[in-house]
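Taking it in order: structure first as structure tokens, then the write-up.
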Amino acid sequence: MDRQSDEIVTYYTDRYREDLRLAARPQARLERTRTVELLREHLPAPPARILDVGGGPGEYARDLVTLGYRVRLLDLVPAHVAQARAGHPTVDADVADARALPEPDDSYDATLLLGPLYHLPERADRCRALAEAVRVTRPGGRVLAAAISRFAGPLDFAATGRLDEPMVREAAALLTDGRNDARLGFTHAYFHRVEELLDECRTAGLVELAVDGVEGPAWTAAEAAAHGPMAQTVFDAALRLARVYRTEPALVAASAHLLARGTAPDPSDIDRDRPDLPA
């Protein structure tokens, strides 16, 4: 395991409880609600075989198992794999690196990458992880990959009253760099622009690409209102707008997370260079 992977494992083992994240803040609750909705919309019908790469402690995998899918989870963090196996319903899970999946070619109906991309600062590694997802997905199957928006951190800090001078400088640096400053609390990570995410998916061989904004443009309003009398009203409004503006090009990047979706190509398809299709 390389130094970068060691840092990620240490972060999620000793410093952060990923198993608690999706039930906490308004942003995380919006993320969970909308991700589940998008998975149900874009995955093939149960009992399709789903590979959940970087699936953490298994929150989404358990949802999918409950819906009747046959799910296998792979994650870099041994503690996450143990949690996935121990939860209810249990999840078939093993430790693995997204860049080298221990799975046969064309063996899944769909593959999820809901965590790995933003933990790979180097573009070559992100493209490699996406290419591995394409390799293990049958031709015509779906690949769904999540990324953190380039603007998520500064928007979050502003919404929650934590935007200090170091974060203002980080916001300016992120405009051209995309790499998270690990001194600000999160581990080493990469934050995407929409066009970068599409380009990486295209480089990995995916076709029929589209990107959804997961939490929508009003997630910051839900965060700002979280402890006030209008908390639920604003949260509900943010959720409704997330559904309305999900693929609006001018607003997609305002979400905290981006969800790219594409199709694994048929090797005989000679039209791989066609433009992205509409959502």
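Only the coordinates and a few stated rules stand behind these numbers; no lab work does. What you are looking at is a predicted structure, and each value in this text was computed from that prediction instead of being measured. Cβ placement follows ideal geometry from the backbone for every residue including glycine, while neighbour counts extend to all protein chains displayed.
Take the residues of the stretch 152-171 that are buried (at least 19 other Cβ atoms within 10 Å of the Cβ) and touching a residue at least 40 places away in the same chain (Cβ under 8 Å): which is nearest to residue 214 (Cα to Cα)? Taking the candidates together, the pick is 152.
Looking at the stretch 13-32, is at least one residue more than 21 Å from residue 182 (Cβ to Cβ), over 14 Å from the mean Cα position of the chain (by Cα), surrounded by fewer than 18 Cβ atoms within 10 Å (Cβ to Cβ) and β-branched (Val, Ile, Thr)? No, the stretch 13-32 contains no residue that is more than 21 Å from residue 182 (Cβ to Cβ), over 14 Å from the mean Cα position of the chain (by Cα), surrounded by fewer than 18 Cβ atoms within 10 Å (Cβ to Cβ) and β-branched (Val, Ile, Thr).
A residue that is under 16 Å from the mean Cα position of the chain (by Cα), part of a loop (DSSP other than H, G, I, E, B) and at negative phi occurs somewhere in the stretch 120-133. Would you confirm whether or not the stretch 120-131 contains a residue that is under 30 Å from residue 225 (Cα atoms), surrounded by fewer than 21 Cβ atoms within 10 Å (Cβ to Cβ) and either touching a helix residue (DSSP H, G or I) at 6+ places or on another chain (Cβ under 7 Å) or of a type in the set (Phe, Trp, Tyr) (or both)? No, that holds for no residue. Taking residues in the stretch 227-245 that are surrounded by 12 or more Cβ atoms within 10 Å (Cβ to Cβ), and partners anywhere that are among the basic types (Lys, Arg) and part of a loop (DSSP other than H, G, I, E, B), not one pair has Cβ atoms closer than 7 Å while being at least 6 places apart or on different chains. In the stretch 172-184, the residue that is surrounded by the fewest Cβ atoms within 10 Å (Cβ to Cβ) out of those that are out of contact with any helix residue (DSSP H, G or I) (no Cβ under 6 Å at 6 or more places or on another chain) and outside any helix (DSSP H, G or I) is 176. For the stretch 99-113, the condition of being within 19 Å of residue 201 (Cβ to Cβ), of a type in the set (Phe, Trp, Tyr) and either in contact with a helix residue (DSSP H, G or I) (Cβ under 6 Å, 6 or more places away or on another chain) or crowded, with 21+ Cβ neighbours inside 10 Å (or both) holds for at least one residue. Here residue 96 meets the list (1) buried (at least 23 other Cβ atoms within 10 Å of the Cβ); (2) touching a Pro at 6+ places or on another chain (Cβ under 8 Å) almost entirely, failing just condition (1).
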